[in-house]
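Notes follow the structure.
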Amino acid sequence: MRKTIKSLWLKLTWAFNPDTIKEAYRARIKNFFLHWFPPKVTKRSFSWSYSFWLGTISAVLFLITLVTGVALMFIYIPSIRQAYWSIEDIEFITHYGWLLRYSHRWAGHLMVVVVFLHMMRVFYTASYRETPGRDSHRYVNWVVGVILLLATLFLAFTGYLLPWDQLSMWAVTVATAIGRTTPVIGETLYRMLVGGTTIDQATLIRFYTFHCIAVPVVVILLISYHLWRIRKDGGLASTVHHDVPLDESISEAEDTSRVLAVPAVPRRIFLVTIATWVVVLVATLLFRAPLLEPATQAWTPNPAKAPWYFLWLQELISYTTIKIGHFVINGGFVGGVFVPAVLFIALAVWPSIDNSPNDSTGIWFHRTRLWQNVLFTVICLTIVFQILFSYYCRGPYWHVYWPWNRPEIPGRF
Amino acid sequence: MSIGRGTDQKFQGDFRVTNMDNITEEKEIKDHYKSDSKWIYALLVVLLILTAIAFHRDATPQWEQYQAQFRQILTQKFGKKAADSFSYGVKQIWIKDVNKIDRCTTCHIGIDIPKLSGEDVPLVFRAHPNPELIKEHPFNKFGCTYCHGGKGYALTVKEAHFSKPAGWEDIFLSERLAKRYGFPDYKNLPLVEMNCNTCHLREKEVAGLTYINKAKKLFTEKMCTCCHTFYQYKADVGPDLTYEGDKPNDLYDFSNITNWGVLPPSVFSWHFLHFKAPYLVTPLSLMPNFNFKDQEIRSLAMLVLSFKNIPERFVVKPDPKNVFQPECVGSVPAAPGSFTRAGVGSGVKNTKM
Ligand code: HEM
């Protein structure tokens, strides 16, 4: 009996814990969970300090939101009459409902942050570069990444509405009003997204379907392609590791810059997964997800703020209304649509604008990319600063205050 | 494009499937990142601890402690048998026709057990203090929050007795809140009368509504409807008061209030100051200063905040002899030093500014 259990255990686990080099190679080929890893990875791409594993962390966060989200779907009711109360039920009645809700919320917010950081890491290391003499398409992966960033924002945004409380409804009202100012297509887009002219039941069911089905499916497909692409492109971009022959003619002893992928990589991914999970769980235990009073059109919170990741747009709007004589260019359009559109397009095409030499590939802050890095940093910092400023210093009527004495409009009692 | 490059000699790397027969190295692997395992074990322990905390938190909700305490009281008072017949669990009043749910009885378990009245029973478990009132408003039809406010769904004291002074409509009208606004009889939850009057609006007098009855009398005597629209009574000197209680807080002008005195900053206090002397909040107000006394100010502030738009089916049909009819007859009785209606017509402003 003990023997069978032991052999069964070995059968299931040997691949993750190979003893010999031969076994390590075999594991990759025999085991379903390991078959997508390359035979070897460079120590450089494995290191913490190079990529910070931010891409993997994004994927884990997405996985956490996916699992908790599906569980929440069993209870949540996408109706403006019941949505809020079903959230209350999740908080107060359902076993572990609070755990699911808070984990989902914090993992989702963290994902926005981490995906952005991942994008910054890829930019600073110029990892959208192709490997010389090699059939790689990292540019494609970069563009896929930009779409993933947008999809992540949209995912977070559509989820924001679902609790149907004052916070969510007015945040979405603000954000959709920004998009509405797009010339020509703005109104049509707005009506398609909102399902009418006000945020109502039609909006809720649309956002719900986007949030729970359409966008996750797209994101899953894109992440799968993104990861497959990395594998096909020969791992993380670098000019360094291509000095070493990548085939087996080199003996293990000589191969000092690379390690066998198994068991190191699956183990590292497991470690990253647990670490991310721990962080989300700590946030879950420490902080409640906000839930204000049920949404009502009769009363507008003052100030009504967009979700934090769109606050920089709301901030831009307040100083981009341009007056030329009696000709006024709408700030909603300039700050809310034009500026971000230009930024995202620039981001997507940046690899072809970047004309630094190939040596800079895979190197943090390479000196030949100085001006680009400075520009990029300035833009990122501006965005971050505007978000923080808007979040902490904007008070009633969008006036500016110190965060510690920001007044609130007195409540009813 | 160089799609066919797969066969190129220069092309190296993981495109090529490792030929396993070539690998003869039965050597042990040099495991470079063994330290990852240590971290994994450490984090697994952390994860276990966090899961245990989460489990503990979920398994010991606040209300269960109250129910355990309640069982002890049952045992003391009625013996073990009665205690055994009590079953743990979330209890709720579900008013089906309006799909309203109040879970207050999860903690306030003794609310409908008359034998549990008396000072020796902890307040949470005490029977409801006014059985007559409850006879008119049975729990299964009225729940609790129509009168008390608060969050019916919630199961923690803090959330159920919702008191954050924000825009929340149905804030819990507690004893503490009444005390904060200086009600001398705060122990009787006077603020609850505001909620009573959302339903009892059409009645001139309702037993038990000390403040509201007084306010309605003033509202009629002082002929507020000569200046304010109120349902069928039309006037346009002052703002429409029909749904004054629904007016959102950001439509109030707080900018002229420099000194709230002992009052907390709020809409309620705004009305206090306004009834004390309209010019305190609206410097050029046309509304006369009626020199109301403190109790009258409290009553009127409560009255105007109870003017809400609620579904007609909740509104109690008054007895024909008891209809609230604040009609404007003749001219406005001028408050001392104030103006008459003629003054308004000729554009003369209140000189008491
Ligand atoms: C849902 C969001 C995303 C996920 C799950 C994801 C996942 C990953 C993973 C696991 C890697 C491997 C390297 C690493 O961990 O850093 C990676 C690399 C990469 N990612 Fe992402 N990513 C996401 C979004 C993005 C975004 C927003 C961009 C850029 C706009 C981007 C561009 C790239 C590129 C170009 C690489 C290759 C880097 C290299 O070769 O060094 N990804 N991604």
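The values are calculated or read from the model by the stated rules, or taken from the named source; none is laboratory data. Computed from a prediction, not measured in an experiment: that's the story for all the values here. Cβ coordinates were reconstructed from backbone atoms using ideal geometry, including for glycine residues, and neighbour counts include every protein chain displayed. Ligands, DNA and RNA are excluded from the accessible area calculation, which covers all protein heavy atoms including side chains. Shrake-Rupley method; radii C 1.70, N 1.55, O 1.52, S 1.80 Å.
Things worth noting here:
- Where helices (runs of 4 or more DSSP H) sit wholly within segment B:160-265, those with at least 1 residues that are open to solvent by 30 Å² or more (accessible area, probe 1.4 Å), within 14 Å of chain A (Cβ to nearest Cβ) and touching a residue at least 12 places away in the same chain (Cβ under 8 Å) occupy B:175-180.
- Matching residues, segment A:16-48, being at the interface with chain B (Cβ under 8 Å from one of its Cβ atoms) and among the hydrophobic types (A, V, I, L, M, F, W, C): A:I21, A:A24, A:I29, A:F46
- Qualifying residue in segment B:55-68 (condition: more than 14 Å from chain A (Cβ to nearest Cβ) and of a type outside the set (S, T, N, Q)): yes
- Within segment A:128-143, residues that are more than 10 Å from chain B (Cβ to nearest Cβ) reach partners that are crowded, with 20+ Cβ neighbours inside 10 Å and among the polar types (S, T, N, Q) with beta carbons closer than 6 Å, at six or more positions or on different chains, in the pairs A:R129/A:T361; A:E130/A:S136.
- Whichever residue in segment B:266-286 is more than 14 Å from every other protein chain (Cβ to nearest Cβ) and polar (S, T, N, Q) and, among such residues, is farthest from the chain's Cα centre (by Cα): B:S285
- Single residue of A:L316, A:L291 found to be under 25 Å from the mean Cα position of the chain (by Cα) and more than 10 Å from every other protein chain (Cβ to nearest Cβ): A:L316
- So B:N309, is it surrounded by 15 or more Cβ atoms within 10 Å (Cβ to Cβ) and part of a loop (DSSP other than H, G, I, E, B): no
- In summary, A:D359 fulfils each of the numbered conditions (1) of a type outside the set (K, R); (2) in contact (Cβ under 8 Å) with a residue 12 or more places away in the chain; (3) open to solvent by less than 50 Å² (accessible area, probe 1.4 Å) with the single exception of condition (3).
- Per the listing A:V67, A:V112, the residue uniquely in contact with a Phe, Trp or Tyr (Cβ under 7 Å, 6 or more places away or on another chain), away from every other protein chain (no Cβ under 11 Å) and part of a helix (DSSP H, G or I) is A:V112.
- Among residues of segment A:127-140 being more than 6 Å from the ligand (Cβ to nearest atom) and among the small types (G, A, S), the one that is surrounded by the fewest Cβ atoms within 10 Å (Cβ to Cβ) is A:G133.
- Some residue of segment A:301-310 being assigned to a helix (DSSP H, G or I), more than 30 Å from A:R81 (Cβ to Cβ) and in contact with a helix residue (DSSP H, G or I) (Cβ under 6 Å, 6 or more places away or on another chain): no
- For A:I75: the one exception among (1) open to solvent by 30 Å² or more (accessible area, probe 1.4 Å); (2) part of a helix (DSSP H, G or I): (2)
- The condition of being under 21 Å from A:A289 (Cβ atoms) and hydroxyl-bearing (S, T, Y) holds for A:Y102.
- Matching residues in segment A:26-67 - criterion: being more than 11 Å from the ligand (Cβ to nearest atom) and either among the aliphatic types (A, V, I, L, M) or on the phi > 0 side of the Ramachandran plot (or both): A:A27, A:I29, A:L34, A:I64, A:L66, A:V67
- Scanning segment A:224-241 turns up no residue that is open to solvent by 20 Å² or more (accessible area, probe 1.4 Å) and more than 16 Å from the ligand (Cβ to nearest atom).
- Going through (1) surrounded by fewer than 19 Cβ atoms within 10 Å (Cβ to Cβ); (2) free of Cβ contacts under 8 Å to residues at least 40 places away in the same chain one by one, B:L286 falls short only on (2).
- Only one of the numbered conditions (1) over 23 Å from A:R268 (Cβ atoms); (2) among the hydroxyl-bearing types (S, T, Y); (3) at pLDDT below 95 is not met by A:S127, and that is (1).
- Extreme residue, nearest to the ligand (Cβ to nearest atom), among residues of segment A:90-126 that are hydroxyl-bearing (S, T, Y) and out of contact with any helix residue (DSSP H, G or I) (no Cβ under 7 Å at 6 or more places or on another chain): A:T125
- Test for B:G89: is it within 14 Å of another protein chain (Cβ to nearest Cβ) and buried (at least 16 other Cβ atoms within 10 Å of the Cβ): no
- The condition (being surrounded by 15 or more Cβ atoms within 10 Å (Cβ to Cβ), of a type in the set (V, I, T) and either within 13 Å of another protein chain (Cβ to nearest Cβ) or in contact (Cβ under 8 Å) with a residue 24 or more places away in the chain (or both)) is satisfied by just one residue among B:T145, B:T156: B:T145.
- Filter result (surrounded by fewer than 19 Cβ atoms within 10 Å (Cβ to Cβ) and either modelled with pLDDT of 85 or more or among the hydroxyl-bearing types (S, T, Y) (or both)) within segment A:293-302: A:T296, A:T300
- No other residue among A:F92, A:F16, A:F37 is in contact (Cβ under 8 Å) with a residue 12 or more places away in the chain and more than 26 Å from the chain's Cα centre (by Cα) apart from A:F16.
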